[in-house]
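As structure tokens, the structure follows; a few thoughts come after it.
The values are calculated or read from the model by the stated rules, or taken from the named source; none is laboratory data. From a predicted model like this one, the values you see are computed outputs, not experimental measurements. Neighbour counts run over all protein chains shown; Cβ positions are idealised from the backbone, glycine included.
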Amino acid sequence: MAQDAASGGGGVEMKRTLTLTGVTVNAMALIAPGAFLWTTLQAQATLANGGSTTAMDMWGGLVAALVLAFLTAISYSELADRYPEAGAGSSYYFAEAAFLGRERHKHFARLAKFGIGWISHLYYWIYPGIMVAFSATLIAYLFGLAGVTLGNVQLILIACVFALVNGYIAFRGISGSTMTAIAINVIQLTALVIFSLLAIAYRISHPAVVYAHASALSVIIPHNMTNLLYQTTIAILLLVGFESVTALGAEAINPKRDIRRAILLSLAIQGLVAYLFEYFAANFMIGDSLKGVAADGKTTISGYDAVSASQAPLGDLMRLIGDTMLGHTGLVLAIILAVTVVLALIGTTLACLNTGVRISYVMGRDGELPSILGILHGRYATPHFGIWILVVISMIFGAYGVLNVDNLTRIILASNTGTFLVYGLTNLIALMAFVGQPNTNPLKHIIVPILGFLANLAMLAAVMYIAITAGGASSKDAVIGLSIVGVWIIAGMIWMVANSAASGQPMLVRQ
């Protein structure tokens, strides 16, 4: 059985310091309170289906991602309530506990826990690199506003420094990261709400502009279901992270009460309240008044084409608002908004580094990964070796993703595929944990997990469909993203066999 204690090497224990606010804020920081409106808008506008943009279904894709996320969030919250002793193990612990609770299936417990723990790394260990790439790109945008153009070497250096700074904060403990996240969440939510209100005001006060969406209803209603699925494969990146608090069970003061609440609260605040409103406002405003330059450096483009070609389309929208409505203050407002997004990305990267290594820590402590990952720092009680290893991996992915939008899309798709796999499997684990048990709720414990599994399976199918049919850059990016996933899964199989042989652990639990 995976250890449920919070102790690591040398008798050091994780410290229970997090209240409901603490665990909720850490999940909110990972979801990011609006920052992805800046960071992923370009990728969403670029995503094409057969050469045509899928951007008209951006809001609908977000809604579909929210449905998927809430189905999975309910399963996570019920598992956290059933297994409050999971500590830092999250779905890794849930998988083993659920299988061991079934006499007929308990011999598969080790395979189940290792499988979901290994696949979790596709999400938890690539995601911080995506945040690093986002941050370096945004910092480069700020330099560009000052008239300084950065080359690839400078971008990579910025990505590495950003990862190191966040790694140091994460190394010193979860409490400091939590206080940072609280301040950042407030600043970012305030900034993005102000932007959204201004975007809607711009649309209302400029009726002569030709807009991408003819009406507010056009933003909301689906235009093409295939395009909506395409958009969902990117939109899920905005929402992942609600489950991350299940890896903070060893540091929560009251894990049974607070973990399940934090899962649903963080997703509701960020998804239902923040992102639906912000994405509606941004898409409502996009029209031919937003100008850009095509890849040839000469042709003037507008609307979603300009969004696709821009390094920072949200900054461009803010400049348009400031220059036309607020006394030519566009540049200043764009800089202020960009700075708040940089702050939000610091919080997100911190949350990634904190939660991403917790499952690695438990797996290292159990001998399923190298034991160095299962050691806690003597003073700060953090899995410090795992944090610094993840910092290096984040530098590598960040350096790759910051170079161009195609590279970034590839690692996003690899991370999102890992997310769909982990979420889908966790729904199945919830089904196994509750079916046939006393006090089983048919809706929460049977219908929701089944629907959650099917929704995640549909997203996996959509990614594969894109790889086969989209053509052009979208198809190539999807194939490379899926290849990363395939290589990781094969590596996991090899590691499992080799580690079992070296340690003498049977892969199947004996009856």
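For this structure, a couple of remarks:
- For Ser394, the conditions (1) within 21 Å of Leu37 (Cα to Cα); (2) within 19 Å of the chain's Cα centre (by Cα); (3) among the polar types (S, T, N, Q) all hold with the exception of (1).
- Whichever residue in segment 132-151 is among the hydrophobic types (A, V, I, L, M, F, W, C) and under 17 Å from Val405 (Cα atoms) and, among such residues, is surrounded by the fewest Cβ atoms within 10 Å (Cβ to Cβ): Leu150
- Qualifying positions in segment 395-406 - of a type outside the set (Phe, Trp, Tyr), touching a residue at least 24 places away in the same chain (Cβ under 8 Å) and over 15 Å from Gln44 (Cβ atoms): Met395, Ile396, Gly398, Ala399, Gly401, Val402, Leu403
- Selection within segment 403-418 - surrounded by fewer than 24 Cβ atoms within 10 Å (Cβ to Cβ) and either of a type in the set (Gly, Ala, Ser) or not in a helix (DSSP H, G or I) (or both): Leu403, Asn404
- Only listed residue being over 28 Å from Tyr380 (Cα atoms), modelled with pLDDT of 80 or more, hydrophobic (A, V, I, L, M, F, W, C) and within 17 Å of the chain's Cα centre (by Cα), chosen from Ala43, Ala35: Ala43
- Flag: Leu343 matches the condition of being modelled with pLDDT under 90, among the aliphatic types (A, V, I, L, M), part of a helix (DSSP H, G or I) and surrounded by fewer than 22 Cβ atoms within 10 Å (Cβ to Cβ).
- Verdict on Leu421 being at pLDDT 85 or above, surrounded by 16 or more Cβ atoms within 10 Å (Cβ to Cβ) and closer than 28 Å to Thr226 by Cβ: yes
- Scanning segment 363-372 for residues that are in a helix (DSSP H, G or I) and crowded, with 22+ Cβ neighbours inside 10 Å gives Met363, Gly364, Arg365, Asp366.
- Residue identified as under 25 Å from the mean Cα position of the chain (by Cα), in a helix (DSSP H, G or I) and at pLDDT 85 or above among Gly129, Gly176: Gly129
Residue-wise test of (1) over 16 Å from Thr137 (Cβ atoms); (2) small (Gly, Ala, Ser); (3) without any contact (Cβ under 8 Å) to a residue 12 or more places away in the chain; (4) outside any loop (DSSP other than H, G, I, E, B).
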{"residue": "Arg319", "(1), (2), (3), (4)": "yes, no, no, yes"}
{"residue": "Asp323", "(1), (2), (3), (4)": "yes, no, yes, yes"}
{"residue": "His328", "(1), (2), (3), (4)": "yes, no, yes, no"}
{"residue": "Leu331", "(1), (2), (3), (4)": "yes, no, no, yes"}
{"residue": "Leu337", "(1), (2), (3), (4)": "no, no, no, yes"}
{"residue": "Ser360", "(1), (2), (3), (4)": "yes, yes, no, yes"}
{"residue": "Arg379", "(1), (2), (3), (4)": "yes, no, yes, no"}
{"residue": "Thr382", "(1), (2), (3), (4)": "yes, no, no, no"}
{"residue": "Trp388", "(1), (2), (3), (4)": "yes, no, no, yes"}
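- With respect to the conditions (1) surrounded by fewer than 18 Cβ atoms within 10 Å (Cβ to Cβ); (2) at pLDDT below 90; (3) closer than 30 Å to Val405 by Cβ, Gln154 falls short on a single one, namely (2).
- A search for C-beta distances below 8 Å between a residue of segment 490-511 that is over 19 Å from Ile116 (Cβ atoms) and any residue that is outside any loop (DSSP other than H, G, I, E, B) and modelled with pLDDT under 90, counting only pairs 6+ apart in sequence or on different chains, returns Arg510/His107; Gln511/Lys106; Gln511/His107.
- Test result for Val161, modelled with pLDDT of 90 or more, surrounded by 19 or more Cβ atoms within 10 Å (Cβ to Cβ), closer than 20 Å to Leu345 by Cβ and aliphatic (A, V, I, L, M): no
- Number of residues in segment 164-173 that are surrounded by 19 or more Cβ atoms within 10 Å (Cβ to Cβ) and either among the polar types (S, T, N, Q) or modelled with pLDDT of 90 or more (or both): the value is 1.
- Filter pass, Leu443 being free of Cβ contacts under 8 Å to residues at least 24 places away in the same chain and in a helix (DSSP H, G or I): yes
- Any hit, segment 430-437, residues being of a type in the set (Phe, Trp, Tyr), assigned to a helix (DSSP H, G or I) and closer than 23 Å to Arg82 by Cβ: yes
- Only one entry in Gly129, Gly117 is buried (at least 24 other Cβ atoms within 10 Å of the Cβ) and either farther than 20 Å from Tyr400 by Cα or without any contact (Cβ under 8 Å) to a residue 12 or more places away in the chain (or both), namely Gly117.
- Pick from segment 75-88, criterion part of a helix (DSSP H, G or I) and hydroxyl-bearing (Ser, Thr, Tyr), ranking: nearest to the chain's Cα centre (by Cα): Tyr76
- Positions within segment 205-224 being without any contact (Cβ under 8 Å) to a residue 40 or more places away in the chain and more than 17 Å from Gly303 (Cα to Cα), in sequence order: Leu217
- When the test is whether a residue is farther than 21 Å from Glu96 by Cα and either modelled with pLDDT under 90 or touching a helix residue (DSSP H, G or I) at 6+ places or on another chain (Cβ under 6 Å) (or both), Thr440 does not pass it.
- In segment 81-108, residue surrounded by the fewest Cβ atoms within 10 Å (Cβ to Cβ) [restricted to those that are modelled with pLDDT of 90 or more and small (Gly, Ala, Ser)]: Ala97
- Residue match in segment 346-356 (condition: of a type in the set (Gly, Ala, Ser), under 30 Å from Tyr380 (Cβ atoms), out of contact with any Phe, Trp or Tyr (no Cβ under 9 Å at 6 or more places or on another chain) and in contact (Cβ under 8 Å) with a residue 40 or more places away in the chain): yes
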